[in-house]
Amino acid sequence: KRPEVDAMLKLSPDARDAKLAGRVMSDGETVLTQVTGITQTIEREIRILQPGLLRFLAVRAAAGLTRTTAGNSALLLSANLRAQRAFAPAELLTLTADDAKTNQAWTEVRELVEVDDMPPALKATVATAQTTYFSGAFKSLRDNVVVALTAGTKPPVSVDDWRSQVIPALETIGNVGFAAMAELNVAAEQAAATARTAVIVYAVILMVAAAIAGLGLLVVVRRVTLPISRLTESMQVLAGGKLDVEIPSTTRRDEVGAMAKAVLVFKEEMTRNAALEAQALETRQRSEAERRTSMRALADDFEQAVGSIIGSVASASSQLHTTAQGMSEAARKTSSQSTAVAAAAEEASTNVVMVASSAEELGSSVTEIARQVEQSAQMSASAVAEAAKTGDVIRELAQAASRIGDFIGLISNIASQTNLLALNATIEAARAGDAGKGFAVVASEVKTLATQTAKATEEIESQISAIQATTQHAVAVIEGVGTQIRQMSDVASGISAAVEEQGIATRE
């Protein structure tokens, strides 16, 4: 519709279409409403993003309201001037209301721009509008026109002259809004430049921070992550039982160095435990060897002692048997000679010489028998003494075996205590987790050693019990042999006494 309006403006006022003017006003209000909506949307965004620019928006809004109300009153005056008629009461009321709105809005504009930090150009524009529209020649002309149209007298100016003066005056008010928007654009450009600078600064700071973070990450990886990884590998190798692994980072004086020193202590403890385990194994093997040697020596000594005793008993028995045979032979001879004496006695009357000879032989035989019986008694007494000594030796052997049994009991108690300590160490190692695996292995080996020691102790104890039983049986046997020998000695003594009496009788 702009071409129609331009064409209409070229015509004289009387030739212009009144309906077109109404449509122009209606369409203008619609456009202004749309522009106002867009402006409000922009103002909301500015209010959120840059609250400092709101003062320019306030100046523009107040200047726009001033321009609108002043323009409405100017149109009303133009219409009445063109018609050469006075104001109707309603028109006068409208004019008064528009003038009040204009003055109120312009007062707000002046208050907004009177602050110190308002741009000078905007203040100058407001001052121009103040001197052009609200004071000076135009203000006097407008007041006279209003008075004339109110009173119904002839106005002091024609409509064309009025339009030629009111339009520039209204433009000074509109220029205030344009100046406010221009200053708004300048401030917005400055804010944008500041924002761009801030973005650049922040980007540089971000890049510097990223570089520092990357450098820090590299330092962390090289100073912390990699050393900890190497420490972890060393601990895994240690957990695998390889004790010759080198522990890294032990010379550092930070937390990683402290961890490395702790791992080194763990390695030293594992090495010491391995040495103790080897020493325990060596001690166990040496103890077993000494135990076997002691048992073998004890068995050999016992065998020699028992063999010596049995040999002595066998020798004494052999001698006793020989003596008994001699005594039997002597008794047989005595019986034979007694028979001969009886025969000689029967023949005493005829052969005294033969009797004397036989009596002499009988005396000799009795003497020989007495000597042999006495020798047999001495041998029996010697055998009894040897048997008593053998019994004492075997009793001492039994006492030694009993003392060995006591030592075996002590070893068994030590093995039980060692087994209990190994069990406690296993429990503590289980509580310690992966760090106590080495201690758990040592505790298991100690427990195994204690169990084997207990088993070996039980075997030795059973062997000692068997030796004690055999020793007690040997003591009983030897005591029985001594009793038999003493009885044989008593018999020999009786025989010796009888033979001696027979010898006396024979000599008589």
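The values are calculated or read from the model by the stated rules, or taken from the named source; none is laboratory data. No experiment lies behind these values; they were computed from the predicted model shown. We place every Cβ from the backbone using ideal geometry, glycine too, and count neighbours over all the protein chains shown.
Based on what the data block shows, is T150 in the same structural domain as P89 (by TED's automatic domain parsing) and without any contact (Cβ under 8 Å) to a residue 60 or more places away in the chain? So T150 does not fit the description; no. Scanning segment 255-291 for residues that are farther than 29 Å from T453 by Cβ and β-branched (V, I, T) yields V256, V263, V265. Among the residues of segment 190-200, those that are over 16 Å from R55 (Cα atoms) and not small (G, A, S) comprise T194, R196, T197, V199, I200.
Could you tell me whether T69 is at pLDDT 65 or above, buried (at least 18 other Cβ atoms within 10 Å of the Cβ) and under 30 Å from M118 (Cβ atoms)? Outline the logic, then answer.
Values: at pLDDT 65 or above: yes; buried (at least 18 other Cβ atoms within 10 Å of the Cβ): yes; under 30 Å from M118 (Cβ atoms): yes.
Considered against the rule, which asks whether it is at pLDDT 65 or above, buried (at least 18 other Cβ atoms within 10 Å of the Cβ) and under 30 Å from M118 (Cβ atoms), T69 comes out as yes.
Of the residues in segment 224-235, none is under 30 Å from E461 (Cα atoms) and either within 33 Å of the chain's Cα centre (by Cα) or in the same structural domain as E459 (by TED's automatic domain parsing) (or both). May I ask you to say which residue of A105, A90, A129, A100 is assigned by TED's automatic domain parsing to the domain that holds V176, closer than 14 Å to A180 by Cα and either part of a helix (DSSP H, G or I) or free of Cβ contacts under 8 Å to residues at least 60 places away in the same chain (or both)? Among A105, A90, A129, A100, only A129 is assigned by TED's automatic domain parsing to the domain that holds V176, closer than 14 Å to A180 by Cα and either part of a helix (DSSP H, G or I) or free of Cβ contacts under 8 Å to residues at least 60 places away in the same chain (or both). Residue pairs whose Cβ atoms lie under 6 Å apart, sitting 6 or more positions apart in sequence or on different chains, and linking a residue in segment 240-264 that is closer than 16 Å to R222 by Cα to a partner that is in a loop (DSSP other than H, G, I, E, B), are V256/S249; G257/S249; A260/I247; A260/S249; A260/T250.
Restricting attention to segment 154-164, the residues that are without any contact (Cβ under 8 Å) to a residue 24 or more places away in the chain and either at positive phi or among the polar types (S, T, N, Q) (or both) add up to 1. Residues in segment 60-87 that are out of contact with any helix residue (DSSP H, G or I) (no Cβ under 7 Å at 6 or more places or on another chain) and either under 22 Å from V109 (Cβ atoms) or outside any helix (DSSP H, G or I) (or both): A61, T68, L75, Q84, R85.
Identify all residues within segment 229-257 that are exposed (fewer than 13 other Cβ atoms within 10 Å of the Cβ) and not in a loop (DSSP other than H, G, I, E, B); write none if there are none.
Initially, segment 229-257 is screened for residues exposed (fewer than 13 other Cβ atoms within 10 Å of the Cβ), giving 229, 232-233, 236, 240-242, 244, 246, 251, 253-255.
The answer is S229, T232, E233, Q236, E255.
In summary, R44 fulfils each of the numbered conditions (1) in a helix (DSSP H, G or I); (2) under 23 Å from V166 (Cβ atoms); (3) modelled with pLDDT of 65 or more with the single exception of condition (2). Restricting L53, L57 to those that are crowded, with 18+ Cβ neighbours inside 10 Å, modelled with pLDDT under 90, under 60 Å from the mean Cα position of the chain (by Cα) and not small (G, A, S) reduces the list to L53.
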